[in-house]
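Engineer: Just dropping this structure here.
Derivation of every value follows stated rules applied to the coordinates shown; laboratory data play no part. Small disclaimer: the values here were computed from a predicted structure and weren't measured. Don't worry about glycine lacking a Cβ; one is built from the backbone with ideal geometry, like all the others, and counts go over all protein chains shown.
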Amino acid sequence: MTNRTTILANLSALMGLSIPAAVALPTAVTVAAGKVRMSEERFLAEMNRNAALRAYVAQVCEQVMG
């Protein structure tokens with residue numbers, strides 16, 4: 001089983017996040033998963049499949065840390 005840190009690092013690379021934006025990714029995932037009432041694990045799996053969701057979360061991370 002892959003740990004959360006590895007999953008987040010892989011997603012960050014896939015999303016092309018800057019280092020500061022990548023720092024915001026764990027919190028963005030926690031908040032977004034809670035808002036849609038999904039487990040973080042399920043939300044991360046959906047992010048792996050869903051390019052539009054990755055783009056949205058990437059935009060949030062860049063704005064928060066920008």
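Engineer: Across the Cα atoms of the chain, what radius of gyration and what greatest pairwise Cα-Cα distance (Dmax) are found, in Å?
Structural biologist: Cα radius of gyration and Dmax of the chain are 10.7, 33 Å respectively.
Engineer: Okay, next question. Tabulate in residue order the Karplus-calculated ³J(HN,Hα) for region 13-29, using 6.51 cos²θ - 1.76 cosθ + 1.60 with θ = phi - 60°, rounded to whole Hz; enter x for Gly and Pro.
Structural biologist: 5, 4, 7, x, 6, 5, 4, x, 5, 4, 5, 7, 4, x, 5, 4, 5
Engineer: Run the quick spin-label model on Arg37 and Ser18: label points 7 Å from Cα toward the beta carbon, then report their separation in nm to one decimal.
Structural biologist: That separation, rounded to one decimal, is 3.7 nm.
Engineer: With charges only on Cβ, +1 for K and R and -1 for D and E, what is the dipole size of the chain about its Cα centre, in debye, rounded to 20?
Structural biologist: 140
Engineer: Count neighbours as other Cβ atoms within 10 Å of each site's Cβ, and list the trypsin sites (Lys or Arg not before Pro) in the chain that are DSSP loop with at most 16 such neighbours.
Structural biologist: The qualifying sites are Arg37.
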